[in-house]
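Student: Mind having a look at this structure? Questions to follow.
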Amino acid sequence: MTGPRWLRRIRRATAGRDCCWYHGVNWHLVSETAIGIALQAQASETPPEDAFYALDLAACGLTGDDRAGLILLLGPGAGIELNDEDPADVTIYEGRHRITAMRDAGVRRTVIQRSEVTPA
Ligand SMILES: [Zn+2]
């Protein structure tokens, strides 16, 4: 890319690319893969964390940063979490920049995690 540094910076910001690691992930592919795995787990009534640990990451069809992106959606405690205690005021608790990167890429749906307290 050519031009003065300020122009390059604006171009980069508006393109939403090269911003950071998150913006380099193929979130279309990663999100669809994660949704598929989550739906499969749900259908077989497998707890999400069990489904994740049973996952053969080498066979999931993703490589490199995309595979890491999948872990950042499905990994127990690593995923996107919303604070939805007040349904009228849902906020992003964890994963703000992942969501920004997805929006910039035009991704419409993904997987979020919800922590549940289970009685011991
Ligand atoms: Zn970024």
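The values are calculated or read from the model by the stated rules, or taken from the named source; none is laboratory data. These numbers come from a predicted model, not from an experiment. Cβ placement follows ideal geometry from the backbone for every residue including glycine, while neighbour counts extend to all protein chains displayed.
Student: I'd like to know if the stretch 85-92 contains one or more residues that are at pLDDT below 95, within 15 Å of VAL30 (Cα to Cα) and of a type in the set (Asp, Glu).
Tutor: Checking the stretch 85-92: not a single residue is at pLDDT below 95, within 15 Å of VAL30 (Cα to Cα) and of a type in the set (Asp, Glu).
Student: Among the residues of the stretch 95-120, which ones are within 19 Å of ILE35 (Cβ to Cβ), exposed (fewer than 15 other Cβ atoms within 10 Å of the Cβ) and either within 16 Å of the ligand (Cβ to nearest atom) or over 18 Å from the mean Cα position of the chain (by Cα) (or both)?
Tutor: ARG103, GLY106
Student: Which number in (1) charged (D, E, K, R); (2) more than 16 Å from the ligand (Cβ to nearest atom); (3) surrounded by 13 or more Cβ atoms within 10 Å (Cβ to Cβ); (4) farther than 23 Å from LEU57 by Cβ marks the one condition that GLU81 misses?
Tutor: It is condition (4) that GLU81 fails.
Student: Need pairs with beta-carbon distance below 8 Å; first residue touching a residue at least 40 places away in the same chain (Cβ under 8 Å) and closer than 19 Å to SER115 by Cα and within the stretch 38-60, second in a helix (DSSP H, G or I) and hydrophobic (A, V, I, L, M, F, W, C); sequence gap 6+ or separate chains.
Tutor: Every condition considered, the pairs that remain are ALA38/ALA51; ALA38/LEU74; PRO48/ALA38; PRO48/ALA41; PRO48/LEU74.
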